[in-house]
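S.K.: What follows is a single structure, and I will ask about it in a moment.
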Amino acid sequence: MKYHNKSILLFVMIFIFITMSMGCNGSNTIIPGIDPNPSTNPDNSTVSYVKVSAASSTIKVNQSLQLVVKGYNSDDEWVILDKSKIKSWGWTVQGQCYNCVKPYVSLSPQSGSLITTFSSGVTGTFYIVAYYQENPGDEYITDYTEVKVTK
């Protein structure tokens, strides 16, 4: 019986240590309750526009933030997006040299996903954009969101 209690105590201590070392923003956190696609498509499933959103518009330096793109039809109904049609995720920074900031910015994955993770090692105002292309040859359907990175 004593050995069983020690095993449980050791497991609890390891769990607490891992939680404390990763914090609430572990390196690969999924936003709870966010599903990039609805369970069913409406009758009009043609994508008219997309919306990029994040759980927060402000993060600290080296903190990760997940961004999600959702699609909508002309009736403003949420439609299913094909993740393979996300041609790219991109970013730009306001008031700073892009090439100077580029080594400190991470955006992953950069295509083929309805969810991407952004982080920056420098402060600034960043714009994260998603490019969706319904059919080859069509113009891109885009949207962006602003993220402020602070110390």
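S.K.: Tally the residues that are without any contact (Cβ under 8 Å) to a residue 60 or more places away in the chain and surrounded by fewer than 17 Cβ atoms within 10 Å (Cβ to Cβ), restricting the search to the range 89-130.
M.R.: Within the range 89-130, residues that are without any contact (Cβ under 8 Å) to a residue 60 or more places away in the chain and surrounded by fewer than 17 Cβ atoms within 10 Å (Cβ to Cβ) number 20.
S.K.: Need the failing condition index for Ser74 against (1) hydroxyl-bearing (Ser, Thr, Tyr); (2) closer than 30 Å to Asn44 by Cα; (3) buried (at least 16 other Cβ atoms within 10 Å of the Cβ), just the number.
M.R.: Exception for Ser74: condition (3).
S.K.: Check Ser57 against each of (1) touching an Asp or Glu at 6+ places or on another chain (Cβ under 8 Å); (2) surrounded by 14 or more Cβ atoms within 10 Å (Cβ to Cβ) and name the one condition it does not meet.
M.R.: The one condition Ser57 does not meet is (2).
S.K.: Here is a follow-up. Counting only residues that are among the aromatic types (Phe, Trp, Tyr), give me the strands (runs of 3 or more DSSP E) lying completely in the range 30-112 with at least 1 of them.
M.R.: Those strands (runs of 3 or more DSSP E) span 49-54, 65-72, 86-94.
Readers should treat all values here as calculations from the given coordinates under stated rules, not as data from a laboratory. Bear in mind that the values here come from a model prediction, so they are computed numbers and not experimental data. All Cβ positions, glycine included, derive from the backbone under ideal geometry; neighbour counts span all protein chains shown.
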